[in-house]
1. I need the phi-derived Karplus couplings for the stretch 300-306: 6.51 cos²θ - 1.76 cosθ + 1.60, θ = phi - 60°, integer Hz, Gly and Pro marked x.
2. At 10 °C and a viscosity of 1.306 mPa s, what translational diffusion coefficient does Stokes-Einstein give for the chain, taking Rh as the Kirkwood radius over Cα pairs? Give it in µm²/s as a whole number.
3. How much of the DSSP bridge set in the chain is antiparallel, in percent, rounded to the nearest 5?
4. When you count, for each residue, the other Cβ atoms within 10 Å and take the mean per peptide, how do 209-218, 387-396 rank with the highest first?
5. Lys/Arg Cβ at +1, Asp/Glu Cβ at -1, dipole of the chain taken about the Cα centre: which of A250, G410, P139 is farthest positive-ward?
6. Under the rule of at least 5 residues apart or a separate chain, name every residue whose amide H is placed under 5 Å from the amide H of V293.
7. Where the centroid of each part is defined by its Cα atoms, how far is the stretch 387-405 from the stretch 432-507 in Å?
8. Using alpha carbons only, how many degrees (0 to 90, rounded to 10) separate the axis of helix 315-324 from the longest principal axis of the chain?
Amino acid sequence: MTWKQLAILVSMGAWCVASVAAKPSEQQNVDGSAAAYSDKNTGELAPKIVEENGHTYYYWPGWNQSKNQKLQVRRERTQHPDAQWWPEAGLGIFMHWGIVSEFDKTGEAWAGRWTQAREDRGEFHPQQEIWDAANTFNPTKYDPEKWMAGAKRAGFKYAVLTTKHHDGYALWDSDYALMGVRQYLDGWDLVDPFVKACRNNGLKVGFYYSGMDWYFIRDYMNFSFDPNKLMNYKGEWVKSLPKEPQHMWAAYCDYNENQVKELIAKFDPDIWWGDGGHGASVELIRQLRPGIVCNNRDSASGDHATAEGFGMSDPKYIKPILENGWWWEVNSIIQKGSWHYDQRMGEEIYPSDEVLRKFAEARCMGGNLLANIGPRPDGTYQDQVWRLFDDMEEWMKTNEESVFGINGGGPWPELCNVPITCKDRVWYFHARKEEATDKDPVVLNECAVKPKSVTLLRTGDKLPFTYENETLSFSIPEQLKAGSITDVVKVTFGKNFDPEPFLFKHW
C-alpha cells in the first residue's frame, strides 16, 4: 500500500481501512437504494465501495443518488489543451442572480417546492409568486465591469453566472426561452456585458445552466415533494394534474438543447456548469465548444466533481476523488442564508479568514473553490463583498505563490494540523489567527528531513522551529501575526528531501 492510499484511508476514518470486512446495516440510503455499511469493529458508518471501469466509486450512506453523483466522474476528463487551465486556476466566483433575487421573502430558489418542514418554517411560497417577481426585476445598477474588476484584484480566475436557474427565467435575449429578459426587460441582455467584463479582466467565462425548467413543465409538474400529495404551481392542492402530452419529453429536450446551442454560439463560454442536467449531451457541448470544461451534474457526467457546500469537501469525502485522479471543485455559499440574495440575513458575508481557509483546504486537496455570492436584485454587490475583495487583494500581494503555480498538496489532516500547499520542495503552511501559537503550534509528523528554512511568507522573517524525532514544529510570534487574516509559513527543504510520496497532486 502506498503512502497516498494509506492517507486516504486514514482521512476517511479507521473504519474505512477495514471496509472489506464491513457488513450491511439495516439503515438504507434516503432514496431507498443501496444499504448503508458499517464497520463491524467500530460500528461507524462507511461507504459502499464499488470498483468499476478501473475507478473506485464511493456511495455514502444517508446520501441520495443525486448527492453521491456530485462526487463522481463517469467519463474520462477532457484532454483538450484549451481546457487544461482549469485545475491550476484554483479560485472562481459564483453568482446566483435572477428573479429569485427579487423575491425578497426568502431569496430561495426552492421556496416554491412544498415540504412540511419548509411550510412550518414559513419558507414555502407558491411558485407563481416567484415568477411574479419577474414583473419587478429591473437591475438598473448592474455593472458587471465593476463586479469583475473587483474579482480580478481579489485573485479570482474564473466567474460563473446563473444564465437560467430552475425557475426558467433566461438572463440573455433568447429566441427560445418562454420567460426571460426578452419578455420582461425588452430584450436587455444581461449575459453579454457579463461575458465582456470577464474577458476585459482576464477571467474565464462560466455559464451555470439548469436543465430543469419548472416554467416549461409547470402545468404537469407536482410542486410538492411529497409524492402522495399533488400541488400545482399556484400552491393549490389538487386531486390530479394534467397528463403530459406524448411529445412533451422530446419538446422539453429540444427546448433546452436549443438554448444551450444559442448560449455557446453567442458567447463561447469556457465553462459549462450544468445543474439538473446540462441541457444537452456533453458530446454536443464539446462539439460546439471543443475546449470547454463541463461539470459532472448530469447522468453522463463531465470533467470534474462538484462538492456542494463545505460539508461535502471534508477530507474523508474528497480523498477518494484524488485516488481516482479526478478534478474537483467545492462550490459553496460564502454568505449567510440562501444561494441567491437573501435580505433576511442582513447581507452578511463570511469572514475573510474563513474564506481563505476554505480556499487553502481546497488547494491542499488538489481542488478549486467556487465561492458563491448572491448580488442584490438591482445589480450591485453587498457592501461586505467589497470588504472581502479588499482583504483578499491584500493577502494575495504577499501570499499568492502559496495557492497558484503549485503542484500539489501536503499530508493534511493525516500528518499536519493545518493545510499545506506545495511547490516541489517548498511547502506552504496555512495558519489562521488562533493557530501557530505557542499553545497551539503547527506540527508536521513523519517529516523525514530537517528543513533548510522556515519563514513567514508575508514578511520574509525567519521563524524559530524545532525538529526532533522526525517531527517539525513551529509557531508565529504574536508581534508578527497578521491579525484577523490567515498567515502562510514557507518551509523550504533541501535537495535530499523527496516530496513525491507526500503530495496529493492537482493533476
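What follows draws every value from the coordinates through simple rules; no lab data is involved. A quick note: this is a predicted structure, and the numbers were derived from the prediction, not measured. Here Cβ is always computed from backbone atoms with ideal geometry, including for glycine, and neighbour counts include all displayed protein chains.
1. Computed from phi, the couplings for the stretch 300-306 are 8, 6, x, 9, 8, 6, 9 Hz.
2. Working: Rh = 24.3 Å.
My calculation gives 65 µm²/s for D.
3. On the way: 40 of 76 bridges.
Of the beta bridges lying entirely in the chain, close to 55 percent run antiparallel.
4. Details: 209-218: 20.8, 387-396: 18.9.
Most protected by this proxy first, the peptides run 209-218, 387-396.
5. Looking along the dipole axis, the top candidate is G410.
6. Amide H to amide H, under 5 Å and 5 or more residues apart or across chains, V293 pairs with I271, W272.
7. The two parts, judged by their Cα centres, are 19 Å apart.
8. 90 degrees
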